[in-house]
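Below are the structure tokens for one structure; questions will follow.
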Amino acid sequence: MQSQQSLINNTIKIGEGDYFQSANSLFHFMKEEKYLQTALLERALTPRYCREDISYLNLNKDDHMFNEIAIPQKCFCDIPLHNITSKLHKQLRPQYNDHTSVYGEFAIAFSKQWGELHNLQPVQYINETSTYLSVLQKDFNKLINADDLSDDESNAVLYRLSFIKPLRGRMPRNIEGKHILISKNFHDEQEWRYVPDPIMIRKYNNKSKYQFQPIIANPNTLNFKIDMDKNFLDVQSEELAKQTCRDLWLNFNYNDIRYLIVPNIQARINCINYIWGIPDEYFDTDNDVVTQKLVLISKILVLDEIRKDW
């Protein structure tokens, strides 16, 4: 019989590392042009604290239910380009179904291999009628109610919660100026998520007066308002966007970018002008900067054209 090593040596490596049933790129969509411009100028995506529904886990400590947590994160979808703006969805009230209508029409994309190397993790989707969920509920409740649970163990439990999501649920959105809840099949998004390493957050906290929480689960903290227009989560996100927190950001180089997506021709012109205006020293000055800018411009795709032709 052939040895295991012999079999490995004789394996034909075809498209090693590629994904054949899903996209080979991860897309982060955003609502406004200025967010894409900021990402390009900073060469980074900054995490924001986002609320996540965990009511399906039935977490209970001291007779108090924990239904929400807030996670510092940046989310990406693993959706082939021809499915990003489905023509079928355009007939079915796209503001409720279409990915770009819900999350925005500006995007930046990276290869999935790049994501694997930069701490991005696929979300695990939970079937709420499964035995697996029942096991999770028991395990999590046992852990959070343990009398001798250390802070590190508690944070480890919460960190695991950062990467799970129900198959289906509701999410608040601002649609045409109205705050509504929309029903979503979350699995369709094929989400990958960047969450800063808790160890890096601890290192930052050790040397800084401002303290970040890796995960926020306390309901009082989640809902604490600084004033009428700003809550504690907003303040945490604003602090996280400061240059002093760059080690916690998702940093990239311009040559890491696979695609830039904008909604229309005018937005493409704006993006081209913006790239030309980025200071030359932000690029690899050991090579021709003009060529680097042209290559980056060549990666711009227009949603109006994708909708018609893909």
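The values are calculated or read from the model by the stated rules, or taken from the named source; none is laboratory data. Just so you know, these numbers come straight off a predicted model, no measurement behind them. Reconstructed Cβ throughout: ideal geometry from the backbone, glycine too, with neighbour counts over all protein chains shown.
Taking Lys142, is it under 28 Å from Asn60 (Cβ atoms), exposed (fewer than 14 other Cβ atoms within 10 Å of the Cβ) and without any contact (Cβ under 8 Å) to a residue 24 or more places away in the chain?
yes
Quick check on Asp227: is it among the acidic types (Asp, Glu), closer than 30 Å to Gln213 by Cα and in contact (Cβ under 8 Å) with a residue 60 or more places away in the chain?
The answer is no for Asp227.
Next question, about the same structure. So for the stretch 296-306 (the condition being exposed (fewer than 11 other Cβ atoms within 10 Å of the Cβ) and under 23 Å from Ile84 (Cα atoms)), does at least one residue qualify?
yes
Check whether at least one residue in the stretch 172-186 is closer than 30 Å to Asp247 by Cβ, of a type in the set (A, V, I, L, M) and not in a helix (DSSP H, G or I), and report yes or no.
no
When you go through (1) surrounded by fewer than 17 Cβ atoms within 10 Å (Cβ to Cβ); (2) over 21 Å from the mean Cα position of the chain (by Cα) one by one for Tyr204, which number turns out not to apply?
Failing condition for Tyr204: (1).
Looking at (1) at pLDDT 90 or above; (2) more than 22 Å from Ser154 (Cα to Cα); (3) charged (D, E, K, R); (4) surrounded by 13 or more Cβ atoms within 10 Å (Cβ to Cβ), which one does Glu281 not meet, given that it meets all the others?
Status for Glu281: all satisfied but (4).
Trp276 is checked against (1) surrounded by 13 or more Cβ atoms within 10 Å (Cβ to Cβ); (2) among the aromatic types (Phe, Trp, Tyr); (3) at pLDDT 90 or above and fails just one. What number does that condition carry?
So Trp276 meets the others, but not (1).
If a residue has to be in a helix (DSSP H, G or I), free of Cβ contacts under 8 Å to residues at least 60 places away in the same chain and touching a strand residue (DSSP E or B) at 6+ places or on another chain (Cβ under 7 Å) to count, how many in the stretch 230-258 make the cut?
0
Follow-up. Determine which member of the set Ile54, Ile69 is modelled with pLDDT under 95 and either under 17 Å from the mean Cα position of the chain (by Cα) or loosely packed, with under 14 Cβ neighbours inside 10 Å (or both).
Ile69
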